[in-house]
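Engineer: Input: one structure, supplied below.
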Amino acid sequence: MTLREPPLYAQVAELLREKIRSGDLAPGELVPTERDLARDQQISRGTAVRALEQLVTEGLITPGSTRAGRRVRDLRILPIHASRSEQIDHRKAAGVDAWVSDSQEHGRVPGQQIEVGVVHADSEIAGYLGLNEGESVAVRRRLRTLDGEPSNLADTYYPMNIVQEVAEILDPADVPQGVVALMAERGLVQTRYRDHLRWRPPTPEEARKLRIGAGVSVLVQHRIGYVGDRPVKVSRHTWPGDTIELIYELPA
């Protein structure tokens with residue numbers, strides 16, 4: 001039986017894939033536009049579009065408009081020490097929140113865009129916080145970046161009675177030591193937390209914000225923090241599955 005030759009768009013995608021593997025197209029570098037690719041490879045523009053869309057789906061390049069262009073994604077893995085990020089002593093020693101310290105330890109430049117507000121809790125968030133669906137909760141939404149590029153999403157929800165004790169939650173300014181450490185200073189010492197981890201495809205909004213293709217799964221991590229038996233916050237982290245590694249170190 002004669003093996004069929006791959007379709008033309010797949011051959012062109014492999015040419016670009018090899019340039020990315022070899023470093024000829026480095027992380028952050030613009031890839032050829034549809035028009036340039038069609039001209040250089042003597043193919044139709046539609047074939048060029050399919051080749052680029054294949055690489056977007058694989059997570060090798062970012063989605064992009066004609067104006068912004070598509071760039072090679074930086075696929076270096078950032079280890080996140082998930083089990084120590086809630087430890088007050090670690091946060092106080094570092095002087096910064098866990099996202100900043102983990103990123104800096106590996107020579108990366110972290111950043112974040114913060115939005116705050118009051119929203120109605122959906123059924124999932126309400127369930128984690130022991131509230132009724134639709135009750136008001138405060139939220140700090142963060143688009144976190146590495147070296148200027150989107151890395152992950154982190155939204156943390158708080159019951160309104162916690163906000164009465166820690167008003168900074170609704171201040172869009174950064175909390176340098178992290179809200180967990182700030183809450184501890186106000187007498188709300190977190191005694192334990194519980195994680196719920198779930199893999200799934202990204203939503204269109206998540207894919208847009210993180211500049212990833214539909215083929216890059218995300219890990220959704222819900223972390224509920226407790227003071228005694230009282231849930232005081234729940235964080236919803238959305239991690240791209242190909243650039244983040246979560247590390248847990250627990251007693252045997």
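Engineer: Using DSSP to call loops (not H, G, I, E or B), can you name the GluC sites (Glu not before Pro) in the stretch 1-65 whose Cβ has at most 15 other Cβ atoms within 10 angstrom?
Structural biologist: Details: sites: E14, E18, E29, E34, E53, E58; in loops: E29.
The qualifying sites are E29.
Engineer: Which value at 222 nm does the chain reach when only helices count, each DSSP H run of 4 or more adding -39,500 (n - 2.57), with the total divided by all residues and rounded to the nearest 500 deg cm²/dmol? Mind dumping the intermediate values first?
Structural biologist: Details: 9 runs with 79 residues, N = 252.
-9000 deg cm²/dmol, from helical runs alone.
Engineer: Report, to the nearest 10°, how far helix 45-58 tilts away from the longest principal axis of the Cα atoms in the chain, using its own Cα long axis and a range of 0 to 90°.
Structural biologist: Rounded to the nearest ten degrees, it is 40.
Engineer: For the chain, what's the relative contact order in percent, using C-alpha pairs closer than 8 Å and at least 6 residues apart?
Structural biologist: Worked out over the chain, it gives 19 percent.
Engineer: If you don't mind, another one. When only C-alpha pairs under 8 Å and at least 6 residues apart count, what is the relative contact order of the stretch 85-216, in percent? Provide the component values of the computation, followed by the final result.
Structural biologist: Details: 180 pairs, mean separation 28.8, N = 132.
Across the stretch 85-216, relative contact order equals 22 percent.
Engineer: Are there trypsin sites (Lys or Arg not before Pro) in the stretch 172-250 that DSSP puts in a loop and that have at most 15 other Cβ atoms within 10 Å, and which ones?
Structural biologist: Details: sites: R186, R192, R194, R198, R208, K209, R211, R223, K233, R236; in loops: R186, R211.
Loop-located and lightly packed - R186.
Engineer: Quick check on the stretch 89-199: what are the equivalent-ellipsoid semi-axes from the Cα gyration tensor, as sqrt(5λ), descending, whole Å? Can you show the working numbers first?
Structural biologist: On the way: eigenvalues 117, 60, 39 Å².
Calculated on Cα positions only, the semi-axes equal 24, 17, 14 Å.
Engineer: Now, a different point. Once both labels are modelled 7 Å past Cα along the beta-carbon direction, what's the S217-D74 spacing in nm?
Structural biologist: The answer from the label model is 2.6 nm.
Engineer: Springs between alpha-carbon atoms under 10 Å, Gaussian network over the chain: tell me which of L60, L15, L188 tops the mean-square fluctuations.
Structural biologist: L15
Engineer: Could you give the length gained by full extension between R35 and E205, i.e. 0.36 nm per residue of separation minus their alpha carbon distance, to one decimal place? Present the calculation step by step, with values, prior to reporting the outcome.
Structural biologist: Working: separation 170, 0.36 × 170 = 61.20 nm, distance 2.73 nm.
So the extension gain works out to 58.5 nm.
Engineer: Right, next: Starting from the Cα-Cα distance between I114 and R21, subtract it from 0.36 nm times their residue separation and give me the gain in nm to one decimal.
Structural biologist: Numbers: separation 93, 0.36 × 93 = 33.48 nm, distance 3.45 nm.
Here the answer is 30.0 nm.
Engineer: Calculated from the structure, log10 I(q)/I(0) by the Debye sum over Cα atoms at q = 0.07, 0.11, 0.15 Å⁻¹ equals which of (i) -0.27, -0.65, -1.14; (ii) -0.31, -0.67, -1.05; (iii) -0.22, -0.55, -1.05?
Structural biologist: Computing log10 I(q)/I(0) by the Debye sum over Cα atoms at q = 0.07, 0.11, 0.15 Å⁻¹ and matching it to (i) -0.27, -0.65, -1.14; (ii) -0.31, -0.67, -1.05; (iii) -0.22, -0.55, -1.05 gives (ii).
Engineer: Please list the three semi-axes, largest first and in whole Å, of the ellipsoid equivalent to the stretch 136-183, using sqrt of 5 times the eigenvalues of its alpha carbon gyration tensor. Each step should come with its number before you reach the end.
Structural biologist: Details: eigenvalues 100, 29, 12 Å².
So the equivalent ellipsoid measures 22, 12, 8 Å along its semi-axes.
Engineer: Calculate, in nm to one decimal, what D122 and D174 gain on full extension: separation in residues at 0.36 nm each, minus their alpha carbon distance.
Structural biologist: On the way: separation 52, 0.36 × 52 = 18.72 nm, distance 2.54 nm.
Length gained, D122 through D174: 16.2 nm.
Engineer: Follow-up question, since we're still on this one. Zone of E185 (label point 7 Å along Cα→Cβ, backbone N under 19 Å): which residues in the stretch 139-174?
Structural biologist: Residues 140, 162-174 fall inside that zone.
Engineer: Between helix 8-22 and the chain, what is the angle of the helix's C-alpha long axis to the longest principal axis, kept within 0 to 90° and rounded to the nearest 10?
Structural biologist: The answer is roughly 60 degrees.
Read-outs: derived from the displayed coordinates by stated rules, not from any lab. Remember, it's a predicted structure, so these values are computed and weren't measured experimentally. Note: ideal-geometry Cβ built from the backbone for every residue, glycine included; neighbour counts use all protein chains shown.
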